[in-house]
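The values are calculated or read from the model by the stated rules, or taken from the named source; none is laboratory data. Keep in mind the model is a prediction, meaning the values are calculated, not measured. Please note: Cβ atoms are built from the backbone with ideal geometry, for glycine as well, and neighbour counts cover all protein chains shown. When the accessible area is computed, the model is the full protein with side chains, heavy atoms only, and any ligands, DNA or RNA have been set aside. Shrake-Rupley method; radii C 1.70, N 1.55, O 1.52, S 1.80 Å.
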Amino acid sequence: MTSHLTGLIAAVFTPFTPDGELNLSVVEQQLALLRETGVAGVFVGGSTGECHSLTVEERIALTHKWCVVGKGKLKIVAHVGHNCLRDARTLATRAQVSGVD
């Protein structure tokens with residue numbers, strides 16, 4: 001099934017705690033703000049290149065969180081690029097399992 005993206009797709013920033021850990025609890029607040037402003041979808045891990053500073057596990061957790069809170073509310077697109085082909089395949093597979101659009 002082909003899904004076409006229309007409207008504004010926001011490259012959302014990845015939230016961190018002051019000690020540098022992922023702050024996944026903020027994702028729901030990001031979602032609410034974006035919905036209020038009419039954004040049609042999100043590009044997870046694609047904002048300022050921080051995806052390259054995250055571990056594969058962190059990237060998977062971030063994408064999964066967006067899918068859990070945002071599925072059916074916004075289109076979800078995940079950055080799955082990686083310098084390591086095996087890691088890129090893992091990211092793509094896990095994004096698909098999580099339910100990205």
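In this label model, THR93 and ASN23 are separated by 3.3 nm, measuring between points 7 Å along each Cα→Cβ vector. Charging the Cβ of each Asp and Glu at -1 and of each Lys and Arg at +1, and nothing else, the dipole of the chain about its Cα centre rounds to 420 debye. Once the gyration tensor of the Cα atoms in the chain is diagonalised, the equivalent ellipsoid follows with semi-axes of 20, 18, 11 Å, ordered largest first.
Just to confirm the filter: which chymotrypsin sites (Phe, Trp or Tyr not before Pro) across the chain are DSSP coil and have at most 13 other Cβ within 10 angstrom of their Cβ? List each step's numbers first, then the result.
Numbers: sites: PHE13, PHE16, PHE43, TRP66; in loops: PHE13.
Filter output for the chain: PHE13.
Determine the shape class of the range 26-75: with a ≥ b ≥ c the square roots of the Cα gyration tensor eigenvalues, call it rounded for a/c under 1.5, and otherwise prolate if a/b is greater than b/c, oblate otherwise. Judged from the Cα gyration tensor, the range 26-75 comes out prolate (a/c at least 1.5, a/b above b/c). Have a look at LEU5, ALA61, PHE43 and report the one farthest towards the positive end of the charge dipole of the chain, computed about the Cα centre with Cβ charges (Lys/Arg +1, Asp/Glu -1). Highest projection toward the positive end goes to LEU5. Under 5 Å from the amide H of ALA10 lie the amide H atoms of ALA40, GLY41, VAL42, PHE43, each residue being 5 or more positions distant or on a separate chain, with H modelled from the backbone and absent for Pro and chain starts.
Across the accessible surface of the chain, with the other protein chains kept in place and a 1.4 Å probe, carbon and sulfur atoms take up 54 percent. Where does the charge balance sit around LEU34 when Lys and Arg score +1, Asp and Glu -1, over other residues with C-beta under 12 Å from its C-beta? It works out to a net charge of +1. When each of the peptides 18-28, 51-61 is scored by how many other beta carbons lie within 10 Å of its residues on average, the order from highest to lowest is 51-61, 18-28.
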